[in-house]
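The values are calculated or read from the model by the stated rules, or taken from the named source; none is laboratory data. Note that the structure is a prediction, hence the values are computed from the model and not measured. Note that we place each Cβ from the backbone using ideal geometry, even for glycine, and neighbour counts take in every protein chain shown.
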C-alpha cells in the first residue's frame with residue numbers, strides 16, 4: 001500500500017471532525033449514496049452496455065455474448081464472467097502493466113456479487129450439452145475515479161446485463177451456427193445490488209467518495225438480491241468491524257440496495 | 001460454486017454432516033508453534049485435511065526500498081498453494097485467487113500487529129498450503145497469527161479464523177470442501193476475541209437477513225474455540241514440554 005499523503009491525513013482529520021457532528025464532506029446523509037446516472041446501450045457493438053456515473057466515479061461496461069466451450073465439469077451450464085480494469089486515463093497514479101492486487105480484488109468482488117446472486121440462469125445458456133454453450137462476458141473499464149469503484153463496476157455490469165440481447169445459436173454441422181434475427185434478453189432471475197460502506201473512526205458511511213475512501217480505516221461491500229437476501233460480502237482495509245457493526249451494515253445494504261435496484265430497473269425499462 | 005446438485009447427503013435426518021460432524025462442530029484442529037529453524041517465527045496447522053506451514057521474517061529492511069514507510073512498518077503476506085496440494089495439479093504461479101487471498105489475509109492481520117513500532121521495516125508472512133481441503137484461508141490466517149506471535153512481534157491480539165456457512169438450509173460451523181462445493185453459502189470469518197473485532201469477512205452464497213446474523217454469530221463463536229487452541233500451541237512451546 002502506498003504511504004498516506006500529508007493531504008490525505010489533513011483531510012481525514014476534517015472528515016472525522018464533521019462525522020462527529022453527523023455530517024459528511026459533501027453534505028450527504030451517512031446512509032446516502034451519491035447520485036447515480038445510468039446510460040444504457042452506450043456501445044452499440046456490444047450485446048449490452050452501460051455507462052454509469054456514481055458521483056464522479058465513471059465506469060463503462062460492455063457485455064459480449066458468444067459461443068464457447070463449457071468447462072469440463074459443467075457441460076450443462078453456460079459461462080458467465082465479469083472483469084474490471086482501471087484505465088490509465090482514469091487517475092494520474094494508474095500505470096499500465098499487469099493488474100495489481102487491488103484491481104484483482106475489484107474484478108473478483110464485482111464478479112462474485114453478480115455470480116453468487118444467480119442473476120443469470122446459466123442452465124438456459126446451453127447450445128449442446130458438454131459441447132457448446134453460450135458465454136456471457138461483462139467487461140468493466142473505469143474511466144474516472146472518485147472512490148467506491150466496487151459499486152460503480154457492479155451497477156455498470158448489472159445494467160449492461162439487464163439490457164443485453166443474446167443472439168441464438170443452433171448446433172449445425174458439428175458447430176454452433178447463428179440463427180439470424182433471433183435475439184432475446186438474457187435469462188435474468190434477480191437484480192443484485194452491491195453496497196459498499198466505509199468505516200471512518202466509529203462511523204459507517206455508505207458509498208465513500210474519493211476523499212472518504214482515502215481516509216477510511218476499513219470497508220465492507222455487501223451484495224443483496226431482489227428478495228432482500230444477502231448473497232456476497234467482502235471486507236477490506238486495515239481495521240476491523242465489531243459484530244454489531246457487521247449486523248448493522250447488513251441491514252443498511254439491503255435498505256440502500258432496494259433504492260438503487262429501482263434505478264437499475266428504470267434504466268432497463270427506459271432502454272426498451 | 002453454490003447450488004450444485006450433489007448426490008451426497010450434506011446433512012442427514014439426525015443433523016449429522018457428510019464427514020460425521022454435528023452442525024456446530026469444527027474439524028480436528030492441531031496447531032504447532034515454531035518448527036522452522038531459519039524463520040524468525042513459524043507455525044504449522046492441520047485443520048481437518050488442510051495442512052499449512054507459515055514462516056515469518058522481520059521486522060527487517062524493506063526491499064525494494066520505495067515500499068518502505070517512514071511512519072510505520074509494513075506487512076507483506078504471500079498465500080501460496082503447492083502444485084500437489086489439490087486434486088488436479090495446480091500451476092505453481094500465483095493465481096488471481098491466491099493474490100486476492102493474500103490481500104485479505106494481510107488486511108486481516110494488520111489490525112493485530114503493532115507495525116507502528118517498527119517504521120521503515122517490513123514483516124513478511126509466507127503461507128504455504130501443502131494440502132488443501134476447504135477453508136484454507138481461515139486455517140492459514142489462524143496459523144499466521146501464531147507464527148507472528150512466535151516471532152515475538154508485538155500484537156494487540158491474535159486473529160482466529162473459521163468459516164460459517166449454510167447447507168441444506170441449516171447454518172453450520174467450519175465448512176469443509178464438499179460443503180463448500182455443494183452447499184448454499186460459505187462465510188469465512190477472522191476475529192480478534194479480546195478486542196471484539198472482525199478483521200476478515202467474506203461471503204458467497206445466498207442468506208436471508210436472519211441467516212446472515214446467525215452465520216456471523218456462529219462464526220464468531222467458532223473463532224473463540226480456535227483462539228483457545230492458538231494459545232495452547234504457544235503455551236506448549238514456551239511453557240510446556242513439547243517445545244523445541
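Descriptive notes on the structure:
- Looking across segment A:32-73, the residues that are in a loop (DSSP other than H, G, I, E, B), under 17 Å from residue A:120 (Cβ atoms) and touching a residue at least 24 places away in the same chain (Cβ under 8 Å) come down to A:46, A:47, A:70.
- Selection within segment B:116-148 - buried (at least 20 other Cβ atoms within 10 Å of the Cβ), in contact with a strand residue (DSSP E or B) (Cβ under 6 Å, 6 or more places away or on another chain) and under 20 Å from residue B:72 (Cβ atoms): B:122, B:123, B:125, B:144, B:148
- Residue tally, condition modelled with pLDDT of 95 or more and not in a strand (DSSP E or B), over segment B:37-48: 2
- Residues that are facing chain B (nearest Cβ under 7 Å), more than 14 Å from residue B:196 (Cβ to Cβ) and touching a strand residue (DSSP E or B) at 6+ places or on another chain (Cβ under 6 Å), drawn from segment A:235-249: A:235, A:236, A:237
- Verdict on residue A:105 being under 30 Å from residue A:25 (Cβ atoms) and crowded, with 17+ Cβ neighbours inside 10 Å: yes
- Conditions (1) closer than 29 Å to residue A:70 by Cα; (2) within 14 Å of chain B (Cβ to nearest Cβ); (3) in contact (Cβ under 8 Å) with a residue 24 or more places away in the chain: number failed by residue A:197: (1)
- Scanning segment A:120-156 for residues that are within 14 Å of chain B (Cβ to nearest Cβ) and under 24 Å from residue A:208 (Cα atoms) yields a total of 1.
- Among (1) surrounded by fewer than 18 Cβ atoms within 10 Å (Cβ to Cβ); (2) not in a helix (DSSP H, G or I) - the single one residue A:142 does not satisfy: (1)
- Leading residue by the ranking (farthest from the chain's Cα centre (by Cα)) among those in segment A:223-256 that are closer than 19 Å to residue A:189 by Cβ and surrounded by 24 or more Cβ atoms within 10 Å (Cβ to Cβ): A:230
- Of all residues assigned to segment B:28-38, at least one qualifies as being closer than 20 Å to residue B:187 by Cα and under 17 Å from the mean Cα position of the chain (by Cα).
Here's the yes/no breakdown for (1) over 30 Å from residue A:232 (Cβ atoms); (2) part of a strand (DSSP E or B):
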| position | (1), (2) |
| --- | --- |
| A:166 | no, yes |
| A:170 | yes, yes |
| A:176 | yes, yes |
| A:184 | no, yes |
| A:191 | no, no |
| A:195 | no, yes |
| A:198 | no, yes |
| A:204 | no, yes |
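- Test: residue in segment A:130-138 that is crowded, with 21+ Cβ neighbours inside 10 Å, closer than 21 Å to residue A:221 by Cα and within 20 Å of the chain's Cα centre (by Cα): yes
- Subset of segment B:204-233 [within 11 Å of another protein chain (Cβ to nearest Cβ), touching a helix residue (DSSP H, G or I) at 6+ places or on another chain (Cβ under 8 Å) and farther than 13 Å from residue A:241 by Cβ]: B:204, B:205, B:206, B:207, B:209, B:212, B:213, B:217, B:223
- Only listed residue being out of contact with any helix residue (DSSP H, G or I) (no Cβ under 9 Å at 6 or more places or on another chain) and within 14 Å of another protein chain (Cβ to nearest Cβ), chosen from B:107, B:100, B:82: B:107
- Flag if residue A:8 is within 14 Å of another protein chain (Cβ to nearest Cβ) and not in a strand (DSSP E or B): yes
- In the set A:218, A:258, A:266, A:232, only one residue is at pLDDT 95 or above and away from chain B (no Cβ under 14 Å); that residue is A:266.
- Segment A:101-119, residues that are within 9 Å of chain B (Cβ to nearest Cβ) and either farther than 24 Å from residue A:158 by Cβ or not in a helix (DSSP H, G or I) (or both): A:101, A:117, A:118
- Those strands (runs of 3 or more DSSP E) of segment B:112-201 in which 3 or more residues are away from chain A (no Cβ under 13 Å) and under 18 Å from the mean Cα position of the chain (by Cα) occupy B:121-131.
- When B:232, B:166, B:213, B:224 are checked against the criterion of being under 22 Å from residue B:25 (Cβ atoms) and free of Cβ contacts under 8 Å to residues at least 12 places away in the same chain, a single residue qualifies: B:213.
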